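This report refers to the structure that appears directly beneath it.
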Amino acid sequence: KTGRMHVLHLMQRMRARPSAAATGTTRLADLIERARPSIKRRSAVFIVSDFISESGWEASMARLAQKHDVVAVRLYDPLEMQLPELGMVLMQDAETGEQLFVDTGARGFRERFEAAAERREQELRTSLARAGVDTLELPTDADLGDSILSFVDARRQRSRLAAGAMPLHNRARSVA
């Protein structure tokens with residue numbers, strides 16, 4: 001359905017749902033496969049996640065995107081990419097509860113952390129592209145409204161170009 005009332009209804013249903021206890025790693029593919037049959041008509045589907053999941057979700061998302069307009073809404077913290085130098089820090093895995101002391105002051109550790117984060121980032125972007133979905137990236141340190149407006153503008157521009165329209169940045173020059 002569409003409209004403000006439907007969005008409010010969905011938000012109320014999500015809020016009323018009990019929180020799930022941490023049970024290990026996220027299996028995004030299972031969540032997508034369970035949701036897919038319940039979406040009867042062609043719809044806009046927003047998958048909101050950090051996409052830190054067991055592998056294999058790309059195929060499920062691609063199947064979903066064959067019938068629906070799927071947007072992967074990726075939430076991330078820039079600190080996941082570059083660890084600040086804070087000295088000894090106790091880190092805890094949010095899903096497994098595993099705790100580990102790390103020395104963020106050690107240059108070698110930070111370099112390995114950043115290299116692993118870059119590999120993870122490249123793998124994620126490749127997986128999203130392979131799934132054939134649009135991606136809205138929402139960093140925790142940016143303005144949510146600006147990020148969404150930029151995404152909507154980019155999609156609108158792409159749609160215009162696909163329909164054969166002239167790019168907006170070239171329009172002023174061609175009129176002159």
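The values are calculated or read from the model by the stated rules, or taken from the named source; none is laboratory data. All values derive from a computational prediction rather than experimental measurement. Cβ placement follows ideal geometry from the backbone for every residue including glycine, while neighbour counts extend to all protein chains displayed. Only protein heavy atoms, including side chains, enter the accessible area calculation; ligands, DNA and RNA are left aside. Shrake-Rupley method; radii C 1.70, N 1.55, O 1.52, S 1.80 Å.
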Helix 144-162 vs. the chain, principal-axis angle (Cα, 0 to 90°, nearest 10): 40 degrees
Percent accessible area from carbon and sulfur atoms, the chain, protein chains only, probe 1.4 Å: 55 percent
Highest to lowest packing among 80-86, 30-36, 58-64, scored as the average C-beta count within 10 Å: 58-64, 30-36, 80-86
Within the chain, helix-based [θ] at 222 nm, where runs of 4 or more DSSP H residues each add -39,500 (n - 2.57), nearest 500: -15500 deg cm²/dmol
Segment Gln82-Ser43, extension gain: residue separation times 0.36 nm, minus the distance between their alpha carbons: 10.4 nm
Unit charges at the beta carbon, dipole of the stretch 15-116: most positive-side option, Gly108, Met91, Ile52: Ile52
5 angstrom amide H check on Leu138, placed H, neighbours 5+ away: Arg74, Leu75, Tyr76
Dipole of the chain [Lys/Arg +1, Asp/Glu -1 at C-beta], most positive-end residue of Ala65, Tyr76, Leu128: Ala65
Cleavage-rule hits (GluC sites (Glu not before Pro)) in the stretch 90-154: DSSP loop, at most 13 neighbouring Cβ within 10 angstrom: Glu95, Glu98
Most mobile of Arg110, Arg42, Arg158 in a GNM of the chain (Cα contacts under 10 Å): Arg158
Antiparallel %, DSSP beta bridges [both residues in the stretch 1-156], to 5: 30 percent
With Cα atoms, 0 to 90° folded angle of helix 107-131 axis to the chain main axis: 30 degrees
The chain - Debye-derived log10 I(q)/I(0), Cα point model, q = 0.08, 0.09, 0.10, 0.19 Å⁻¹: -0.36, -0.45, -0.56, -1.48
Selected from Phe151, Phe51, Phe101 as most flexible by GNM, with the chain as the system and alpha-carbon contacts under 10 Å: Phe101
Computed accessible area, Asp141, all protein chains, 1.4 angstrom probe, square angstrom: 110 Å²
Potential lengthening between Asp134 and Lys67 on full extension [0.36 nm per residue; Cα-Cα distance subtracted]: 22.7 nm
